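Presented below is the structure to which this report refers.
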Amino acid sequence: MKIGKRITALLLAAAIGIVAVGCNKVDGAEKKVKVVRVAHGQNEEHPQHKAMLEFEKYVEEKTNGEIDVQIFPNELLGATSQAVELSQTGAVDLVIAGLGTLEAFNECYTVFNLPYIMDSTEHYHAVMNDEDIMSSVYESTRQSGFVGLTWFDAGVRNIYTTKKAIMEPDDLKGLKIRVQTSPTNVKMLQALGASPTPMSFGEVYTGLQQNVIDGAENNELALINNKHGEVAKHYSYNMHAMLPDILIASTDLLDNKLTEEQAKIVMEAASYANKFEVDLWEDAAAEAKEKAEAMGVQFYYPDIKPFQDKMKNLHAEYTKDENMKAVYDKIREKGDEILAKNASVESEQE
Ligand code: GCU
């Protein structure tokens with residue numbers, strides 16, 4: 001980590017209280033309570049926050065109060081990339097990070113950011129639930145000081161603007177579209193003819209309002225939970241990405257701070273939170289869409305093929321790297337299996 005960044009991380013760690021072990025009463029006796037800090041960028045209404053409340057309940061109950069989980073939503077501990085850096089120093093224990101952010105830490109995550117790599121929600125969920133694919137991805141950042149524990153659904157990402165409906169790639173010409181700080185997302189928007197503008201999630205609303213950007217790309221919840229729909233009234237389902245968020249844990253937490261038993265409970269709680277969140281997602285996205293419609297957002301359904309066609313070079317470029325190709329092939333293999341299975345079910349029904 002660069003010195004400037006390390007100082008920021010240390011200052012932040014000091015600001016949130018570096019003492020991770022305090023004395024609390026557990027069952028009437030003075031016992032050491034370990035504080036586990038969780039950082040994420042969503043508001044309190046978001047399914048991921050609700051899932052982390054379940055996580056908190058699970059961990060605190062199962063450890064009989066020996067662990068105190070503290071959740072910091074709304075990028076309170078800084079933009080997600082900063083929070084991930086804090087997890088590397090152990091100043092933050094758990095972070096929900098988008099794949100756009102994680103791309104900077106390991107190329108395995110880059111592959112997931114490739115537009116249209118997933119064929120459908122069924123494919124996307126099957127990949128994320130497949131341990132053969134995901135365990136090496138989750139482990140890929142161990143040397144960097146954190147590992148993945150589980151995933152959270154973050155729906156389908158689509159482009160929306162304050163200016164006009166995007167019905168074909170040419171409509172994006174000259175528009176400044178906010179992307180996550182992800183080189184793949186920058187390349188995607190460039191390939192579509194737009195001017196990609198990387199910025200943190202928390203800055204997007206003001207960026208749209210003040211015309212610093214003309215649009216962004218995200219799931220429907222951003223329109224409501226983050227109020228983007230107040231300013232961006234044109235949402236086009238070009239379906240370029242099905243990107244999960246990953247719950248990452250500092251290796252310092254798992255290896256040093258917690259006992260083996262406590263670490264096991266944290267992992268069980270993560271998998272419980274995953275199921276809880278995934279169950280909430282579809283309804284939350286439908287509800288956000290309805291609310292956005294009520295506030296005047298128009299939804300459009302362009303033909304996605306011309307958008308997909310613009311991504312062919314990017315797929316070719318990214319599969320030149322051996323490590324990336326290994327993950328790419330596993331994801332595509334799963335996609336092809338599902339396509340074949342669905343085709344055979346359809347032909348049986350005819
Ligand atoms: C979604 C996603 C986040 C991501 C954000 C963004 O909300 O769940 O992980 O950070 O989009 O666009 O930055």
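For this structure, a couple of remarks:
- Any hit, region 66-73, residues being more than 14 Å from the ligand (Cβ to nearest atom), outside any helix (DSSP H, G or I), aromatic (Phe, Trp, Tyr) and surrounded by fewer than 24 Cβ atoms within 10 Å (Cβ to Cβ): yes
- When residues of region 218-235 are limited to those that are of a type outside the set (Ser, Thr, Tyr) and away from the ligand (no atom under 12 Å from the Cβ), the one most open to solvent (accessible area, probe 1.4 Å): Lys227
- For Asn238, the criteria (1) touching a Pro at 6+ places or on another chain (Cβ under 7 Å); (2) loosely packed, with under 14 Cβ neighbours inside 10 Å hold in every case but one, which is (2).
- Selection status of Ser250, away from the ligand (no atom under 16 Å from the Cβ), open to solvent by less than 30 Å² (accessible area, probe 1.4 Å) and either among the charged types (D, E, K, R) or within 18 Å of the chain's Cα centre (by Cα) (or both): yes
- When we screen Ala191, Ala154 for residues that are within 11 Å of the ligand (Cβ to nearest atom) and in contact (Cβ under 8 Å) with a residue 12 or more places away in the chain, the only hit is Ala154.
- Applying the set (1) closer than 23 Å to Val186 by Cβ; (2) touching a residue at least 24 places away in the same chain (Cβ under 8 Å) to Thr319 leaves exactly one unmet item: (2).
- Contacts under 6 angstrom Cβ, first residue in region 239-257 being closer than 22 Å to Gln143 by Cβ, partner among the charged types (D, E, K, R), 6 or more apart: Ser250/Asp93; Leu253/Asp93
- Test result for Ser87, open to solvent by 10 Å² or more (accessible area, probe 1.4 Å) and either away from the ligand (no atom under 14 Å from the Cβ) or under 16 Å from the mean Cα position of the chain (by Cα) (or both): no
- Of the set (1) closer than 26 Å to Val92 by Cα; (2) away from the ligand (no atom under 16 Å from the Cβ), all apply to Met295 but (1).
- Matching entry among Lys312, Lys291 (being open to solvent by 80 Å² or more (accessible area, probe 1.4 Å) and over 30 Å from Pro47 (Cα atoms)): Lys312
- For Gly100: the one exception among (1) surrounded by fewer than 19 Cβ atoms within 10 Å (Cβ to Cβ); (2) within 16 Å of the ligand (Cβ to nearest atom): (1)
- The number of residues in region 294-309 that are in contact with a Ser or Thr (Cβ under 6 Å, 6 or more places away or on another chain) and either loosely packed, with under 14 Cβ neighbours inside 10 Å or part of a loop (DSSP other than H, G, I, E, B) (or both) comes to 1.
- Looking only at residues of region 196-217 that are open to solvent by 30 Å² or more (accessible area, probe 1.4 Å) and among the hydrophobic types (A, V, I, L, M, F, W, C), we find that the one that is farthest from the ligand (Cβ to nearest atom) is Val212.
- Which numbered condition Ala29 fails, given (1) at pLDDT 55 or above; (2) in contact with a helix residue (DSSP H, G or I) (Cβ under 6 Å, 6 or more places away or on another chain); (3) open to solvent by less than 70 Å² (accessible area, probe 1.4 Å): (2)
- For Trp281: the one exception among (1) open to solvent by less than 50 Å² (accessible area, probe 1.4 Å); (2) among the aromatic types (Phe, Trp, Tyr); (3) touching a strand residue (DSSP E or B) at 6+ places or on another chain (Cβ under 7 Å): (3)
The values are calculated or read from the model by the stated rules, or taken from the named source; none is laboratory data. Just so it is clear, the model here is predicted, and its values are computed rather than measured. Note that we place each Cβ from the backbone using ideal geometry, even for glycine, and neighbour counts take in every protein chain shown. Accessible surface is based on the protein model in full, side chains and every heavy atom, while ligands, DNA and RNA are left aside. Shrake-Rupley method; radii C 1.70, N 1.55, O 1.52, S 1.80 Å.
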